[in-house]
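Colleague: What follows is a single structure, and I will ask about it in a moment.
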Amino acid sequence: MAASTEQPRIPSQQSKKGGFSGWMRRTANTRTAYYYLLPALFVMAVITFYPLFYQIWMSFTDYNVRSLNPNSAVYQAPAWIGIKNYLDILLPEGRLLSLMPNMHFWRLLYFNLFWTFSNVIFHVTLGILIAVLLNTKGLWLKGVYRAIFILPMVIPSLVIATTWRNMYDPQYGAINQMLASIGALFNIPPETFHIRWIDQIEPPIKWFLPMMPLPLSYYAMLFANIWLGWPFMTVVATGALASVPEDLYEAASIDGANGRQQFWNITIPMIRPAMIPAAMLGMITTFNLFHISYFLSGGGPLRQTEIMVTTAYRLVNENREYGLAAAFSVIIFFVLLIITLLTNRVTRATESYDE
Amino acid sequence: MNSSQKLPLRKQLVLQAILLFITFIVLFPIMWIVSLSLDPRGISRPTELNLIPPGASLQAYKDVMAQPTANPVSFAQLALNSLFLTGGVSLFSVGVAITAAYTFSRKKFPGRKFLMLGIITVLMLPAIATIAPLFVTLNQIRIGDFNLRNSLWGVGLAMVAAALPFAIWNLKGYLDTIPKDLEEAAIIDGASPNQVFFRIILPLAVPALAVTFFIAFLGGWTEFALSWQFLTDPQDFTLSMALWNMTGQYAGSVPWSHFAAMSIMVALPVAVIYLALQKYIVGGLTIGSVK
């Protein structure tokens, strides 16, 4: 693209002049562009790109806590160990398992993907349904509901995750206390509601998921994250609904289409171009959602609700295995690359369908 | 759906019931944390649900203001650290990003595609996935007793690594929506590239700069992973670190009323900014998402 805009100028009279002044004139635009880019490129080269390349090098070494300080007595220079770190992560009985008991990479990836899809499906479905509900003509208190429903979006997710963690406390948490007070109405003893939302190891639904029964803490996380995530989709859907022409619905109801038919044949196709990019954004965000896993469940029980970014963080923060963590991050990069390429393809495919 | 008809009462009541139920679920955690924070008794854990605890007062807020955690550091110091960190990072990122964003939005030059691809690649990677190299490289920069890694400056630099590409991409998205007519007219009138940028683009971009600044600020205000990994001196700690010190297994004897008051004091400033700028921020998030 860039080259083709420069080319037509070369045969022009000005640029036939050789030498330095001719070159200066020909490249004036490019040079201005790079002057303007210089500050950002310099900062990014030092603080973004250099660490990324350093990370790739680190991932092939045994960089550990003793490699940190060259002045220390126990200093040990990081040694090149080839792809050992990658094998330690990807092979079932590698060093990752001995460092982090119960951690299996492929199970982690499976859980992380399922976690992402299950959340985004709930977010998008609830987001659209509630947006349509709030869009009903003649509904009372619309403004009040819209103001309240925005609240989960404006609270920092760190605060939300820590609050929900305390709410799920078996003894002092609000969830069990509320269930107990509802249960009291039906004469159910309060001990019944001593549910260990985060720590219970026994999966509540034994056959779900195949090959990876989900612990109760997954459902606790899912509920908290649905609470957190649907308002964004409602905001996006509400914006999209505002641009759907009114006469489409009028024409449809004259033709005898009922509410459900109008929803599937007018509303959904019309808001789809706005919802798909939002869903893709939700997908990437949820895949990397550090806060809910780290703060709410702590990855437990038995690391069953750990996701990839929390694992990478624990390798640095708890295990101090910097080389292994670097390799893990490189793997995360490739997983995300695949997800992005796939979602881009989905987005593009649906775009061409709509236009 | 039909505009010519009034909503029938029965349907109205059904919809209201659904919406009230959703309202209850949305408000439940918020009400819980607010009522906890008003509990004056300083009891370590709540034993029952009550909307307004007996003898409600602001005592928990006073205690948290003085010293939220076991560490000898005041709320004001923690808030200042968070403010310095996220304010500095956001201001620096937006300031450095604007000329680059303008160039990517308006100019065609050799290497444009390559550089933009580089930025998108970085954007795709979560900040936590570069923590290992940032930690070990910043840890090597030591001047006497000062270790760059173990300071707010080091955390700030590491945060810029992710905030700057985001700011470039977000600002580029905004600038793409500003019509080019004004610039073209100015160029015909003989304005130099610098004049076009400083006299025309920059004034038009002020709202975009403000929104990008606030989105970066909201993200940085509760930054946790880098600070938790880098900092060891309680005087440098941030609000997020203190809040986590008051939660769950770390809470120890910290009463939950203190945790609740702290949560509200951390969340309130950004919630207010978010509500005030909601329209622009949502627009910005979706612009930034077109990766």
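Colleague: Out of the residues in the stretch A:50-90 meeting the condition of being assigned to a helix (DSSP H, G or I) and among the charged types (D, E, K, R), tell me which one is nearest to the other protein chains (Cβ to nearest Cβ).
Modeller: Taking the stretch A:50-90 and keeping what is assigned to a helix (DSSP H, G or I), we get A:50-58, A:65-67, A:84-90.
Within this subset, residues satisfying the condition of being among the charged types (D, E, K, R) are A:66, A:84, A:88.
Numbers: A:R66: 12, A:K84: 16, A:D88: 15 Å.
Once the filter is applied, the top-ranked residue is A:R66.
Colleague: Moving to a separate point now. Run down B:A79, B:A56 and say which single residue is in contact (Cβ under 8 Å) with a residue 12 or more places away in the chain, within 30 Å of A:I182 (Cβ to Cβ) and hydrophobic (A, V, I, L, M, F, W, C).
Modeller: On the way: B:A79 fails: within 30 Å of A:I182 (Cβ to Cβ).
Only one candidate passes the filter, namely B:A56.
Colleague: Within the stretch B:17-35, is even one residue touching a Phe, Trp or Tyr at 6+ places or on another chain (Cβ under 6 Å), within 14 Å of chain A (Cβ to nearest Cβ), surrounded by 19 or more Cβ atoms within 10 Å (Cβ to Cβ) and touching a residue at least 12 places away in the same chain (Cβ under 8 Å)?
Modeller: So far as the stretch B:17-35 goes, no, none of its residues is touching a Phe, Trp or Tyr at 6+ places or on another chain (Cβ under 6 Å), within 14 Å of chain A (Cβ to nearest Cβ), surrounded by 19 or more Cβ atoms within 10 Å (Cβ to Cβ) and touching a residue at least 12 places away in the same chain (Cβ under 8 Å).
Colleague: Same structure, new question: Output the helices (runs of 4 or more DSSP H) that fall wholly within the stretch B:172-253 and possess 3 or more residues being touching a residue at least 12 places away in the same chain (Cβ under 8 Å) and of a type in the set (A, V, I, L, M, F, W, C), or say none. Talk me through it step by step, then tell me what you get.
Modeller: Working: elements: B:181-188, B:206-221, B:225-230, B:239-245.
In the stretch B:172-253, the matching helices (runs of 4 or more DSSP H) lie at B:206-221, B:225-230, B:239-245.
Colleague: Can you tell me which residues in the stretch A:242-273 are of a type outside the set (K, R), closer than 30 Å to A:I292 by Cβ and open to solvent by 10 Å² or more (accessible area, probe 1.4 Å)? Working first, answer last.
Modeller: Step one: of the stretch A:242-273, the residues of a type outside the set (K, R) are A:242-259, A:261-271, A:273.
Within this subset, residues satisfying the condition of being closer than 30 Å to A:I292 by Cβ are A:268, A:271, A:273.
Of everything in the stretch A:242-273, those that are of a type outside the set (K, R), closer than 30 Å to A:I292 by Cβ and open to solvent by 10 Å² or more (accessible area, probe 1.4 Å) turn out to be A:I268, A:P273.
Colleague: Here is a further query. When the residues of the stretch A:154-174 are filtered to those that are aliphatic (A, V, I, L, M) and within 7 Å of chain B (Cβ to nearest Cβ), which remaining residue is most open to solvent (accessible area, probe 1.4 Å)?
Modeller: Of the residues in the stretch A:154-174, the ones aliphatic (A, V, I, L, M) are A:154-155, A:158-161, A:167, A:174.
Filter once more, keeping what is within 7 Å of chain B (Cβ to nearest Cβ): A:154-155, A:158-159, A:167, A:174.
Numbers: A:V154: 5, A:I155: 36, A:L158: 1, A:V159: 8, A:M167: 0, A:A174: 0 Å².
Out of the qualifying residues, it is A:I155.
Colleague: Still on this structure, I have one more. Going by what's in this entry, would B:Q67 be described as free of Cβ contacts under 8 Å to residues at least 40 places away in the same chain and either within 26 Å of B:V266 (Cα to Cα) or within 7 Å of another protein chain (Cβ to nearest Cβ) (or both)? Don't jump to the end; show me each part of the working.
Modeller: Values: free of Cβ contacts under 8 Å to residues at least 40 places away in the same chain: yes; either within 26 Å of B:V266 (Cα to Cα) or within 7 Å of another protein chain (Cβ to nearest Cβ) (or both): yes.
Answer is yes for this residue.
Colleague: Can I ask one more? What residue, of B:V136, B:V160, B:V211, B:V155, is touching a Gly at 6+ places or on another chain (Cβ under 7 Å) and either open to solvent by less than 20 Å² (accessible area, probe 1.4 Å) or not hydrophobic (A, V, I, L, M, F, W, C) (or both)?
Modeller: Values: B:V136 fails: touching a Gly at 6+ places or on another chain (Cβ under 7 Å); B:V160 fails: touching a Gly at 6+ places or on another chain (Cβ under 7 Å); B:V155 fails: touching a Gly at 6+ places or on another chain (Cβ under 7 Å).
Checking each option against the conditions leaves just B:V211.
Colleague: Mind checking which pairs have a first residue in the stretch A:238-252 that is without any contact (Cβ under 8 Å) to a residue 24 or more places away in the chain and a second that is assigned to a helix (DSSP H, G or I) and surrounded by 11 or more Cβ atoms within 10 Å (Cβ to Cβ), Cβ under 7 Å, 6 or more apart or different chains?
Modeller: A:L248/A:I266; A:Y249/A:Q262; A:Y249/A:I266; A:A252/A:Q262; A:A252/A:I266
Colleague: Test B:G55 against the criterion of being open to solvent by 40 Å² or more (accessible area, probe 1.4 Å) and at positive phi, and give yes or no.
Modeller: Details: open to solvent by 40 Å² or more (accessible area, probe 1.4 Å): yes; at positive phi: yes.
The answer is yes for B:G55.
Colleague: Got a sec? Which of B:S44, B:S82 is in contact with a Ser or Thr (Cβ under 9 Å, 6 or more places away or on another chain) and not in a helix (DSSP H, G or I)? Spell out the reasoning first.
Modeller: On the way: B:S82 fails: not in a helix (DSSP H, G or I).
Just a single option satisfies the conditions, and that option is B:S44.
Colleague: So A:F287 passes all but one of these: (1) closer than 16 Å to B:A127 by Cβ; (2) surrounded by 24 or more Cβ atoms within 10 Å (Cβ to Cβ); (3) more than 7 Å from chain B (Cβ to nearest Cβ). Which condition number does it fail?
Modeller: Just one mismatch for A:F287, condition (2).
Colleague: Suppose we keep only residues that are crowded, with 20+ Cβ neighbours inside 10 Å and among the aliphatic types (A, V, I, L, M) within the stretch A:290-314. Which one would you say is farthest from the other protein chains (Cβ to nearest Cβ)?
Modeller: Looking at the filtered set, the residue picked out is A:I292.
Colleague: Take the residues of the stretch B:97-117 that are among the small types (G, A, S) and either within 20 Å of B:L226 (Cβ to Cβ) or open to solvent by less than 20 Å² (accessible area, probe 1.4 Å) (or both): which is nearest to the other protein chains (Cβ to nearest Cβ)?
Modeller: Among them, the one singled out is B:A100.
Colleague: Scan the stretch B:36-48 for residues that are surrounded by 16 or more Cβ atoms within 10 Å (Cβ to Cβ) and facing chain A (nearest Cβ under 9 Å) and jot them down.
Modeller: Passing the criteria: B:L36, B:P46.
Colleague: If you scan the stretch B:58-79, which residues turn out to be open to solvent by 70 Å² or more (accessible area, probe 1.4 Å) and in a loop (DSSP other than H, G, I, E, B)?
Modeller: B:L58, B:Q67, B:A70, B:P72
Colleague: Next up: Which of the residues spanning the stretch A:103-125 are open to solvent by 60 Å² or more (accessible area, probe 1.4 Å) and touching a Pro at 6+ places or on another chain (Cβ under 9 Å)?
Modeller: Hits for the stretch A:103-125 are A:H104, A:W106.
Colleague: Only one of these conditions is not met by B:G55: (1) at the interface with chain A (Cβ under 10 Å from one of its Cβ atoms); (2) touching an Asp or Glu at 6+ places or on another chain (Cβ under 9 Å); (3) of a type outside the set (D, E). Which number is it?
Modeller: Here B:G55 meets the rest and fails (1).
Colleague: Looking at the stretch A:91-102 only, could you name the residues that are open to solvent by less than 60 Å² (accessible area, probe 1.4 Å) and assigned to a helix (DSSP H, G or I)?
Modeller: Taking the stretch A:91-102 first, the residues open to solvent by less than 60 Å² (accessible area, probe 1.4 Å) are A:94, A:96-97, A:99-100.
Matches in the stretch A:91-102: A:L96, A:L97, A:L99.
The values are calculated or read from the model by the stated rules, or taken from the named source; none is laboratory data. Note that this is a predicted model, so its numbers are computed, not measured. Reconstructed Cβ throughout: ideal geometry from the backbone, glycine too, with neighbour counts over all protein chains shown. We work out accessible area using only protein heavy atoms, side chains counted, and drop any ligands, DNA or RNA first. Shrake-Rupley method; radii C 1.70, N 1.55, O 1.52, S 1.80 Å.
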